[in-house]
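Down below is the structure, laid out as structure tokens.
Any read-out appearing in this document is the output of simple, stated calculations on the displayed coordinates, not a laboratory observation. Just so it is clear, the model here is predicted, and its values are computed rather than measured. Here Cβ is always computed from backbone atoms with ideal geometry, including for glycine, and neighbour counts include all displayed protein chains.
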């Protein structure tokens with residue numbers, strides 16, 4: 001039996017995409033836990049146990065991987081990363097980030113290549129092949 005990732009966090013404003021991605025990840029059986037947030041702010045709240053994720057009883061895990069949508073209202077994916085870096089105050093971000101997009105803008109991919117926390121830039125929809133490529137390349141102990 002292969003070793004599973006402890007936690008995957010999906011940050012996506014589209015409910016259907018979240019349901020699809022969550023079901024895909026669960027069917028691939030690669031993670032113990034999959035959490036879903038619907039905005040960049042909610043994603044930050046999850047990571048820092050704030051807002052609806054503030055609890056004395058539940059300690060939410062640090063995600064091994066964050067699948068992050070670029071284009072979201074309120075706080076887009078780039079702003080999420082900037083805010084995350086600011087909140088970490090120079091500490092390294094332990095979660096690996098995969099940017100997901102439908103954007104045809106080639107500048108987005110070039111921008112992603114300049115951000116060391118981003119391990120992959122992928123087009124939506126998320127697929128079994130894409131997830132397996134990410135696991136194989138970035139989590140070889142889990143294959």
Can you tell me which residue within segment 120-143, out of those that are assigned to a loop (DSSP other than H, G, I, E, B) and out of contact with any helix residue (DSSP H, G or I) (no Cβ under 6 Å at 6 or more places or on another chain), is nearest to residue 7 (Cα to Cα)?
139
Search segment 94-119 for residues being free of Cβ contacts under 8 Å to residues at least 60 places away in the same chain and assigned to a strand (DSSP E or B), and hand back the single one that is farthest from residue 63 (Cα to Cα).
101
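Residues to consider are 91, 79; find the one that is over 22 Å from residue 31 (Cβ atoms), more than 17 Å from the chain's Cα centre (by Cα) and either assigned to a loop (DSSP other than H, G, I, E, B) or touching a residue at least 12 places away in the same chain (Cβ under 8 Å) (or both). Break it down into steps so the answer makes sense when it comes.
Values: 79 fails: more than 17 Å from the chain's Cα centre (by Cα).
Testing whether each residue is over 22 Å from residue 31 (Cβ atoms), more than 17 Å from the chain's Cα centre (by Cα) and either assigned to a loop (DSSP other than H, G, I, E, B) or touching a residue at least 12 places away in the same chain (Cβ under 8 Å) (or both) leaves just 91.
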In segment 1-54, what residues are free of Cβ contacts under 8 Å to residues at least 40 places away in the same chain, touching a strand residue (DSSP E or B) at 6+ places or on another chain (Cβ under 6 Å) and outside any helix (DSSP H, G or I)?
31, 32, 33, 34, 35, 36, 37
Which of the following residues is surrounded by 15 or more Cβ atoms within 10 Å (Cβ to Cβ), out of contact with any helix residue (DSSP H, G or I) (no Cβ under 8 Å at 6 or more places or on another chain) and farther than 19 Å from residue 18 by Cα: 89, 108?
108
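Listed here are the residues, each with its yes/no results for (1) in contact with a helix residue (DSSP H, G or I) (Cβ under 8 Å, 6 or more places away or on another chain); (2) crowded, with 17+ Cβ neighbours inside 10 Å.
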| site | (1), (2) |
| --- | --- |
| 13 | no, yes |
| 16 | no, no |
| 21 | no, yes |
| 35 | yes, yes |
| 48 | yes, no |
| 58 | no, no |
| 66 | yes, yes |
| 70 | yes, yes |
